[in-house]
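Heads up: the structure comes next, in structure tokens.
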Amino acid sequence: MAGYWQVTLRDCAELSGVGVHSGSPVRIVLHPAEVDTGFSFLRTGLESGRERLIKASHGAVSATELCTIIGDPSTGSIATIEHLLAALAGLGVDNVLVEIDGPEVPIMDGSAAPFVAAIDAVGLVRQDATKRFIKVLKPVRVENGRAFAELRPFARGFRLEVEIDFDTPVIGRQKKVLDLEPGTFRKDVSRARTFGFMRDVERLWKAGFALGASLENTVALGDDGVINDEGLRYADEFVRHKTLDAVGDLALAGSPLLARYRSYCGGHRMNVAVLKALFADRSAYEVIEAPRREPVHAAAGSLAPAYAFAPDLT
């Protein structure tokens, strides 16, 4: 359990952009938050100046088609939360309040990298409370046709094993295994972008999706390969992005998982479904608190160098 103390931001971080599906401009501010509050979204700019606080929880998920949405669309919801949550969870952050003035988190460049950069710019601080973990005690599995997602006991942290299988030679079958730690998250998945097929664009537009998608924020695939001039950031960027999505969706557990996660041909719906199956069975998990392995006075203030999440430059 690398990192035993809860962590929040040192200061506020602001980002702006457009929603990949709505196409609407949006501004977010990441605020430091108190211990044991987890991740929450404050949706502002609603009708009559209303605001709504939405906890980032599997129980708040209202839709998982093409992205993960929390909240009720009729009273205020937030879409495409997965890349931001992946950045927070991947860097080991525990408590953040996200103020957002639109219905969708900005897509930025289609990856978690801009969110990582914003977090780096303000830095992290330890808080005077130890982390809580959700320890999986027995296998939990959900299936949908050939697709499945499962959580299993794992003694060494949180491991993700994500496999995709597309019936197109541009992608084909790819698998990524990741032990979630800040260094590996930064290096192996944070820069992996969302992707889509050009043949689906018109259908998505008619359904009200992908209105903000462009070659600046999406890896576009034609019949013969990648359309983006710069090509791919990783040879297997597609499965790495699916892994990034899984990190973000599974952050909706509310605390870091001690588990082995496996999925085949999964996605947002399967990621959320396996969390719901886990929490539906009280015998499948327990909540444990990390031991205080450092003096209490070391908990507050700046992260020590060994704990700081510096960029991996290798």
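Being among the polar types (S, T, N, Q), closer than 19 Å to residue 25 by Cα and in contact (Cβ under 8 Å) with a residue 60 or more places away in the chain narrows it down to one residue among 64, 68, 130; which is it?
On the way: 64 fails: closer than 19 Å to residue 25 by Cα; 130 fails: closer than 19 Å to residue 25 by Cα.
One residue alone meets the criteria, 68.
Each row is one residue, and each column tells you yes or no for (1) β-branched (Val, Ile, Thr); (2) within 21 Å of the chain's Cα centre (by Cα); (3) open to solvent by 20 Å² or more (accessible area, probe 1.4 Å).
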{"residue": "141", "(1), (2), (3)": "no, yes, yes"}
{"residue": "159", "(1), (2), (3)": "no, yes, yes"}
{"residue": "169", "(1), (2), (3)": "no, no, yes"}
{"residue": "173", "(1), (2), (3)": "no, no, yes"}
{"residue": "181", "(1), (2), (3)": "no, yes, yes"}
{"residue": "185", "(1), (2), (3)": "no, yes, no"}
{"residue": "193", "(1), (2), (3)": "no, yes, no"}
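When the residues of the stretch 209-262 are narrowed to those that are of a type in the set (Val, Ile, Thr) and not in a helix (DSSP H, G or I), which ends up most open to solvent (accessible area, probe 1.4 Å)?
Within the stretch 209-262, the subset of a type in the set (Val, Ile, Thr) is 218-219, 226-227, 239, 243, 247.
Keeping just the survivors that are not in a helix (DSSP H, G or I) gives 218-219, 226-227.
Numbers: 218: 22, 219: 2, 226: 51, 227: 75 Å².
Among them, the one singled out is 227.
Could you tell me whether residue 65 is assigned to a loop (DSSP other than H, G, I, E, B) and within 17 Å of the chain's Cα centre (by Cα)?
Details: assigned to a loop (DSSP other than H, G, I, E, B): yes; within 17 Å of the chain's Cα centre (by Cα): yes.
Considered against the rule, which asks whether it is assigned to a loop (DSSP other than H, G, I, E, B) and within 17 Å of the chain's Cα centre (by Cα), residue 65 comes out as yes.
Looking at (1) in contact with a helix residue (DSSP H, G or I) (Cβ under 9 Å, 6 or more places away or on another chain); (2) at pLDDT 90 or above, which is the only condition residue 310 fails?
Going through the list (1) in contact with a helix residue (DSSP H, G or I) (Cβ under 9 Å, 6 or more places away or on another chain); (2) at pLDDT 90 or above, residue 310 breaks only (2).
Identify all residues within the stretch 22-59 that are open to solvent by 30 Å² or more (accessible area, probe 1.4 Å), part of a loop (DSSP other than H, G, I, E, B) and not small (Gly, Ala, Ser); write none if there are none.
Within the stretch 22-59, 34, 35, 36, 37, 50, 51 qualify.
What about residue 7, is it of a type in the set (Val, Ile, Thr), open to solvent by 20 Å² or more (accessible area, probe 1.4 Å) and farther than 21 Å from residue 192 by Cβ? Break it down stepwise before answering.
Working: of a type in the set (Val, Ile, Thr): yes; open to solvent by 20 Å² or more (accessible area, probe 1.4 Å): no; farther than 21 Å from residue 192 by Cβ: yes.
Judged against the criteria, residue 7 is not a match.
Based on what the data block shows, is residue 124 crowded, with 18+ Cβ neighbours inside 10 Å, touching a residue at least 60 places away in the same chain (Cβ under 8 Å) and more than 14 Å from residue 284 (Cβ to Cβ)? Steps first, answer last, please.
Details: crowded, with 18+ Cβ neighbours inside 10 Å: yes; touching a residue at least 60 places away in the same chain (Cβ under 8 Å): yes; more than 14 Å from residue 284 (Cβ to Cβ): yes.
When the stated conditions are applied, residue 124 passes them.
State the number of residues belonging to the stretch 85-95 that are out of contact with any Lys or Arg (no Cβ under 8 Å at 6 or more places or on another chain) and either of a type outside the set (A, V, I, L, M, F, W, C) or farther than 18 Å from residue 257 by Cβ (or both).
Total satisfying the criteria: 2.
Is it the case that some residue within the stretch 97-105 is open to solvent by 20 Å² or more (accessible area, probe 1.4 Å) and among the β-branched types (Val, Ile, Thr)? Walk me through it before giving the result.
So the first thing to find is which residues in the stretch 97-105 are open to solvent by 20 Å² or more (accessible area, probe 1.4 Å), and the list is 97, 99, 101, 103.
Cutting the leftovers down to among the β-branched types (Val, Ile, Thr) gives us none.
Looking through the stretch 97-105, none of the residues is open to solvent by 20 Å² or more (accessible area, probe 1.4 Å) and among the β-branched types (Val, Ile, Thr).
Looking at the stretch 275-286, which of its residues are of a type outside the set (D, E, K, R) and either within 18 Å of residue 127 (Cβ to Cβ) or in contact with a His (Cβ under 8 Å, 6 or more places away or on another chain) (or both)?
275, 279
Against the conditions (1) in a loop (DSSP other than H, G, I, E, B); (2) open to solvent by less than 30 Å² (accessible area, probe 1.4 Å); (3) not β-branched (Val, Ile, Thr), where does residue 71 fall short? Just the number, please.
(1)
Condition check: surrounded by 14 or more Cβ atoms within 10 Å (Cβ to Cβ) and modelled with pLDDT under 95. Does residue 303 satisfy that?
Working: surrounded by 14 or more Cβ atoms within 10 Å (Cβ to Cβ): yes; modelled with pLDDT under 95: yes.
So residue 303 passes the test.
Of the conditions (1) open to solvent by less than 20 Å² (accessible area, probe 1.4 Å); (2) more than 13 Å from the chain's Cα centre (by Cα); (3) at pLDDT 95 or above, residue 90 fails just one. Which one is it?
(2)
The values are calculated or read from the model by the stated rules, or taken from the named source; none is laboratory data. Treat the numbers as computed from the prediction; the structure is a model and nothing was measured. When we count neighbours, we look across all protein chains shown, and the Cβ atoms used for this are built from the backbone with ideal geometry, even at glycine. Only protein heavy atoms, including side chains, enter the accessible area calculation; ligands, DNA and RNA are left aside. Shrake-Rupley method; radii C 1.70, N 1.55, O 1.52, S 1.80 Å.
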